[in-house]
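What follows is a single structure, written as structure tokens, with notes after it.
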Amino acid sequence: MEVLREIVPTARVIGAFVNPTRTDADAQSRAVEDAARALSWEVRILNAESEADIDAAFASVLEQKISALVVGADPFFNNHRVKIVRLAERHALPAIYMNREFVTVGGLASYGTNIGIGYRQAGIYAGQILKGARPADLPVVQPTKYELIINLKTAQALGLDIPPTLLARADEVIE
């Protein structure tokens, strides 16, 4: 949320995509609401578990006075990333996503873990289990690296000036 604040400092009402079918949906919503409150933002939770819900959420953006968007981490959203990015573009809505895959298809920015690293770790675990390790004995591995990816072409299309300090912190800038 702080990255989004740096990109869109004038935003006051933020939309947040959450998949209500996730077991952690309430926790995700509370985390977004807490972060928004700390930044003096209002947040509108946009529940989406189907393509129709995505369309409906974007249709309500103007009515709800949403000026920026956070798309939560969820395989459903990742599977529909092209649609979500295109709708954000159509509505001229600055959005931040949880992984780089959104930015590579035209999204504005992402801050999150690298999915490829997670897949590699899963492969390492699978290999250890196949060699006889008991899953209960394997340690829980948390992500240690988060990537900030910014798409300057999208920022320019939205009329946004990305602060140089944010560009300097970015792991990758797509031009």
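A short reminder: the numbers here are calculations on the coordinates, not readings from a lab. From a predicted model like this one, the values you see are computed outputs, not experimental measurements. So basically every Cβ, Gly included, is an ideal-geometry build from the backbone, and we count neighbours across all protein chains shown.
Can you find, among V18, P75, Y125, the residue sitting farthest towards the positive end of the charge dipole of the chain, where Lys and Arg contribute +1 and Asp and Glu -1 at Cβ? Value: Y125.
Among DSSP beta bridges whose residues both lie in the chain, state the antiparallel percentage, nearest 5. Taking every DSSP beta bridge with both residues in the chain, the antiparallel ones total about 20 percent.
To the nearest 10 degrees, how steep is helix 81-90 against the longest Cα principal axis of the chain, on a 0 to 90 scale? The angle comes out at about 10 degrees. Take the convex hull of the alpha carbons in the chain; its mean projected area over all directions comes to 11.0 nm². Charge tally for I54 (other residues, Cβ to Cβ under 11 Å; Lys, Arg +1; Asp, Glu -1): -1.
Seen against the Cα atoms of the chain and their longest principal axis, helix 115-130 is set at about 20 degrees. Which lysines have a Cα lying under 30 Å from the Cα of K83, excluding residues fewer than 8 positions away in the same chain? The reachable lysines, counting only those whose Cα sits under 30 Å from K83, are K65, K145, K153. All other residues whose Cβ lies under 15 angstrom from that of E172 are scored, Lys and Arg at +1 and Asp and Glu at -1, for a net of 0.
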